[in-house]
Amino acid sequence: MNYKVGIPQGLLFYEYYPLWKEFFSELGVEVLLSTKTNKKILDSGVSNCVDDACLPVKVFHGHVIDLKDKVDFLFVPKIISVKKREFECPKILGLPEMVSNTIKDLPPIIDPEINLWKSEKNISDSITELGKVFNVNKSKTKKAYKKACNKYYDVRRHLNSHVIPIDAIKIYNKLLKNTNFKKKDRLNILLLGHPYNIYDEYISMNIIEKMVKQDINLITSDMVDTKKINYYSKKIPKRMFWTAGRRLIGSAYSLLEEEKVNGIIYVSSFGCGLDSILIDLVQRKASLKNIPFTLLTIDEHTGEAGINTRIEAFIDMMKWRLNDENNISTHG
Amino acid sequence: MKITFPHMGNVYIAGKGMLEDLGREVVLPPPCSKKTLEIGTKYSPESICLPLKINIGNYIESIERGADTILLTGSCGPCRYGFYSVIEKNILKELGYNVDFIVFDPPEGKPSNLINSFKKAAGTDNVIKIFKGFYKGKKIIEKADNLTKLSNIKRAHAIYPEKVDNIMNDFYKDIEDVHGSSEIISFINYTNKRINSVKEKKQSEYMKVGIVGEIYTIIEPFVNLEIEKKLGHFGIEVEKSLTPSKWLSHHLGLGNIGISEERKKWKAAKPYLRTLVGGHGRETVGSAILYAKEDYDGVIQILPFNCMPEIVAESILPTVQKDYNIPILTLVVDEMTGEAGYLTRLEAFVDLLKKRREEKKNGELLLRG
Ligand code: SF4
Ligand code: SF4
């Protein structure tokens with residue numbers, strides 16, 4: 001029998017979709033994605049989720065509603081840890097339960113527990129369990145997973161060669177659109193934020209496209225070398241125990257320390273618990289290095305016009321700074 | 001070295017007794033107040049959770065009283081409490097306060113760091129002495145928690161609940177001037193007796209409410225706007241799912257009671273929430289179910305605004321409410337929470353519980369008739 005599994009386009013989808021997609025195809029299972037985030041998805045998410053949740057979690061609920069009547073299964077993995085001694089956000093830890101207790105009439109949820117906190121070997125049990133759901137035997141499931149991983153690493157490699165990740169997903173979907181190689185004499189601006197906040201074009205109000213149009217070099221955390229991320233994330237006085245935090249802190253600190261960035265824009269959703277800590281750490285470092293930093297906080301009421309003005313003003317200000325510095329150096 | 005630490009309910013009583021036994025000088029922060037919160041809010045990142053803001057207020061008020069060393073417990077995730085010490089150090093440093101932090105972070109395979117922190121705080125290398133101090137501290141916190149528990153039940157039973165309030169006020173006022181563990185313990189015993197002597201109503205059954213949620217908001221009366229007292233005055237017995245002594249026995253693995261209680265909660269929560277979600281989110285769900293099974297009239301969940309684990313629990317509790325037919329009220333607190341609105345919600349909830357009791361009684365009468 002041919003099963004159809006629904007994958008909501010929200011939260012960690014933005015990191016692991018290539019992996020999930022390959023894996024399911026290898027198992028011979030059809031994958032259906034929810035519609036890209038739009039007003040309807042946002043609205044249904046907002047009204048079908050606890051008020052106190054952050055925007056990305058609400059949007060995720062909207063994607064679940066979009067999919068629920070179209071598929072045999074929903075894929076909402078319980079991702080606790082993807083790296084030894086690191087965690088995801090508490091809300092991501094509890095995501096399958098948040099969804100299943102809030103939204104009615106759901107198809108069965110496939111929610112394997114991914115917990116590599118103790119050991120990175122722990123994954124194999126979850127994977128075998130997953131195969132069982134679709135009557136695929138252990139060895140075939142393992143093979144499928146290995147193949148999927150290899151493809152996934154290929155995609156990640158593209159990221160490190162300075163392709164903006166949203167394009168990487170597009171590359172993956174054979175929609176190669178690759179225009180953003182680094183140019184000299186342009187501002188280098190780091191766009192920080194959780195992948196689902198900056199790559200979801202609706203949530204972020206197309207911030208990437210807006211910035212690219214401004215003739216700048218846009219950098220995201222995914223484009224910073226993993227080794228550097230790991231090295232610089234250790235510069236804070238306490239071990240960073242969030243995977244997302246390691247990436248954000250590590251990339252920001254590496255670019256700041258190596259003086260490779262002219263400014264930082266941090267996109268955060270209102271009420272994000274991780275960001276309340278991470279913003280503080282990045283902002284302090286940036287001000288120590290005398291690098292402009294701005295924070296864009298988004299929630300379901302944020303207007304696009306305001307965001308546009310903020311981005312333009314920030315980039316204009318940095319262009320001024322750059323000119324000024326150039327003038328000083330030529331005349332001084 | 002003048003030691004201080006942030007407030008969390010009765011913890012200061014034990015901390016003070018223990019450190020004084022070891023010959024340390026302790027500077028207590030004044031009880032949490034509007035001013036504490038104002039100071040904390042002013043100097044903390046806006047979007048950080050409430051406990052950190054109050055901590056900052058406590059520190060600054062203690063420093064003004066002469067404290068120069070701050071003790072703090074830590075964690076290594078998944079919630080942001082694990083980064084409290086980092087953010088707090090930054091804030092105080094930026095304000096120009098020259099204070100020392102001693103953080104008790106989990107050992108993570110390197111117990112030497114933790115042991116050194118204990119030695120530094122205790123001012124001695126004598127591990128036996130430290131251990132003894134600890135033992136005393138644990139005893140005090142258990143006694144103090146039991147006193148709170150007693151007062152929370154007695155308030156509901158008392159003809160004049162104000163009498164309980166007065167005795168507890170006396171206790172909190174005078175305890176600052178009682179020094180060393182043995183004096184503290186005898187003062188707690190004395191207060192216990194006073195509470196026990198308060199005259200009770202002639203009533204055999206009382207309504208019961210269990211409090212669940214984020215540990216700090218459950219334990220610190222200033223932050224939960226003295227919810228136990230308010231419910232007590234409505235004639236309701238209050239039981240808290242988390243107390244400092246429970247926390248201590250769980251986290252330090254001291255005694256099996258704490259651990260087995262935690263396990264019980266996890267087991268109860270399992271059909272609804274099968275893994276950890278940081279903080280005490282899983283315990284919140286488990287405790288609500290256990291209270292329902294023990295025939296409590298209702299459950300109240302309290303959390304600081306934007307508390308991540310409790311938001312997960314909050315989305316699950318409606319299912320528990322339905323499955324177990326028990327009313328659950330969620331109260332979110334932050335620096336903007338107003339007394340009036342809070343009380344109105346509490347009153348409405350209590351009315352609901354009363355009505356349900358009546359209906360249940362009538363139903364039973366009908367059945368019998
Ligand atoms: S990391 Fe922040 S934005 Fe993401 S789910 Fe957690 S609280 Fe929400
Ligand atoms: S449990 Fe809640 S209050 Fe405690 S650190 Fe986490 S978010 Fe803050």
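Residues are listed down the side, and each one gets a yes or a no for (1) closer than 25 Å to residue A:215 by Cβ; (2) surrounded by fewer than 14 Cβ atoms within 10 Å (Cβ to Cβ):
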position	(1), (2)
A:261	yes, no
A:274	no, no
A:292	yes, no
A:325	yes, yes
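Do we have residue B:284 as within 14 Å of chain A (Cβ to nearest Cβ), within 16 Å of ligand 2 (Cβ to nearest atom) and not in a strand (DSSP E or B) here? Judged against the criteria, residue B:284 is a match. Is it fair to say residue B:73 is within 14 Å of another protein chain (Cβ to nearest Cβ), in contact (Cβ under 8 Å) with a residue 24 or more places away in the chain, out of contact with any Leu (no Cβ under 6 Å at 6 or more places or on another chain) and β-branched (Val, Ile, Thr)? So residue B:73 passes the test.
Being in a helix (DSSP H, G or I), within 16 Å of ligand 2 (Cβ to nearest atom) and either surrounded by 24 or more Cβ atoms within 10 Å (Cβ to Cβ) or not assigned by TED's automatic domain parsing to the domain that holds residue A:212 (or both) is a property that does not hold for residue A:248. Looking at region B:198-216, is at least one residue surrounded by 14 or more Cβ atoms within 10 Å (Cβ to Cβ), more than 25 Å from residue B:352 (Cα to Cα) and of a type outside the set (Phe, Trp, Tyr)? Yes, the conditions are met somewhere in region B:198-216. Looking only at region B:291-342, filter to residues that are modelled with pLDDT under 95 and among the hydrophobic types (A, V, I, L, M, F, W, C); which one of those is farthest from ligand 2 (Cβ to nearest atom)? Going through the qualifying residues, I end up with B:340. Among the residues of region A:229-249, those identified as more than 14 Å from chain B (Cβ to nearest Cβ), more than 23 Å from residue A:318 (Cβ to Cβ) and not β-branched (Val, Ile, Thr) are A:230, A:231, A:247.
Within region A:24-61, the only residue that satisfies the criterion of being free of Cβ contacts under 8 Å to residues at least 40 places away in the same chain, within 16 Å of ligand 1 (Cβ to nearest atom) and touching a helix residue (DSSP H, G or I) at 6+ places or on another chain (Cβ under 8 Å) is A:45. Of the residues screened, residue A:11 is not one that is within 14 Å of chain B (Cβ to nearest Cβ), aliphatic (A, V, I, L, M) and touching a strand residue (DSSP E or B) at 6+ places or on another chain (Cβ under 6 Å). Taking (1) β-branched (Val, Ile, Thr); (2) surrounded by 19 or more Cβ atoms within 10 Å (Cβ to Cβ); (3) assigned to a helix (DSSP H, G or I) in turn, residue B:103 satisfies each apart from (3). Pairing each residue of region A:274-294 that is over 30 Å from residue B:311 (Cβ atoms) and assigned by TED's automatic domain parsing to the domain that holds residue A:257 with any residue that is away from ligand 2 (no atom under 16 Å from the Cβ) and assigned to a helix (DSSP H, G or I), provided the two are 6+ apart or on different chains, yields C-beta distances under 8 Å for A:289/A:256; A:289/A:257; A:291/A:256; A:292/A:286; A:292/A:314; A:292/A:317; A:292/A:318; A:292/A:321.
When residue B:66 is tested against (1) surrounded by fewer than 22 Cβ atoms within 10 Å (Cβ to Cβ); (2) not in a loop (DSSP other than H, G, I, E, B), exactly one condition is not met: (2). Applying the criterion of at least 2 residues that are at pLDDT below 95 and either within 16 Å of ligand 2 (Cβ to nearest atom) or buried (at least 18 other Cβ atoms within 10 Å of the Cβ) (or both) to the helices (runs of 4 or more DSSP H) found wholly in region A:46-134 leaves A:123-133. Which ones in region B:123-181 are more than 13 Å from residue B:228 (Cα to Cα) and of a type in the set (Val, Ile, Thr)? Matches in region B:123-181: B:124, B:127, B:128, B:130, B:140, B:141, B:159, B:167, B:175, B:178. Is it the case that region B:83-97 has a residue that's outside any helix (DSSP H, G or I), hydrophobic (A, V, I, L, M, F, W, C), modelled with pLDDT under 95 and more than 16 Å from ligand 1 (Cβ to nearest atom)? So far as region B:83-97 goes, no, none of its residues is outside any helix (DSSP H, G or I), hydrophobic (A, V, I, L, M, F, W, C), modelled with pLDDT under 95 and more than 16 Å from ligand 1 (Cβ to nearest atom).
Of all the numbered requirements in (1) in a strand (DSSP E or B); (2) hydroxyl-bearing (Ser, Thr, Tyr); (3) more than 16 Å from ligand 2 (Cβ to nearest atom), residue A:302 misses one, and that requirement is (1). Go through region A:17-45 and report how many residues are part of a helix (DSSP H, G or I) and either more than 30 Å from residue B:310 (Cβ to Cβ) or within 16 Å of ligand 2 (Cβ to nearest atom) (or both). Residues that pass the stated criteria total 9. If you go through region A:212-224 one residue at a time, do you hit one that is within 16 Å of ligand 1 (Cβ to nearest atom), buried (at least 23 other Cβ atoms within 10 Å of the Cβ) and either part of a loop (DSSP other than H, G, I, E, B) or within 14 Å of another protein chain (Cβ to nearest Cβ) (or both)? Scanning region A:212-224 turns up no residue that is within 16 Å of ligand 1 (Cβ to nearest atom), buried (at least 23 other Cβ atoms within 10 Å of the Cβ) and either part of a loop (DSSP other than H, G, I, E, B) or within 14 Å of another protein chain (Cβ to nearest Cβ) (or both). If the condition is being under 16 Å from the mean Cα position of the chain (by Cα) and either at the interface with chain B (Cβ under 7 Å from one of its Cβ atoms) or among the hydroxyl-bearing types (Ser, Thr, Tyr) (or both), then region A:263-273 contributes A:266, A:268, A:269, A:273. Looking at B:300, B:316, B:311, B:289, can you tell me which residue is farther than 16 Å from residue A:101 by Cα and either assigned by TED's automatic domain parsing to the domain that holds residue B:347 or over 17 Å from the mean Cα position of the chain (by Cα) (or both)? Of the residues listed, the single one that is farther than 16 Å from residue A:101 by Cα and either assigned by TED's automatic domain parsing to the domain that holds residue B:347 or over 17 Å from the mean Cα position of the chain (by Cα) (or both) is B:300. Contact annotation: residue pairs with Cβ atoms under 6 Å, 6 or more positions apart or on different chains, pairing a residue in region B:212-235 that is closer than 20 Å to residue B:338 by Cβ with a partner that is among the aromatic types (Phe, Trp, Tyr), are B:225/B:342.
Only residues that are hydrophobic (A, V, I, L, M, F, W, C), over 30 Å from residue A:237 (Cα atoms) and surrounded by 18 or more Cβ atoms within 10 Å (Cβ to Cβ) were counted across region B:113-149, and they come to 4. The residue pairs whose first member lies in region B:76-89 and is more than 7 Å from every other protein chain (Cβ to nearest Cβ) and touching a residue at least 24 places away in the same chain (Cβ under 8 Å), whose second member is outside any helix (DSSP H, G or I) and within 16 Å of ligand 1 (Cβ to nearest atom), and whose beta carbons are closer than 8 Å, counting only pairs six or more residues apart or on different chains, are B:81/B:279. The test for being under 30 Å from residue A:53 (Cβ atoms), within 16 Å of ligand 2 (Cβ to nearest atom) and part of a strand (DSSP E or B) does not hold for residue B:52.
The values are calculated or read from the model by the stated rules, or taken from the named source; none is laboratory data. All values derive from a computational prediction rather than experimental measurement. As a convention, Cβ positions derive from the backbone with ideal geometry for all residues, glycine included, and neighbour counts pool all protein chains shown.
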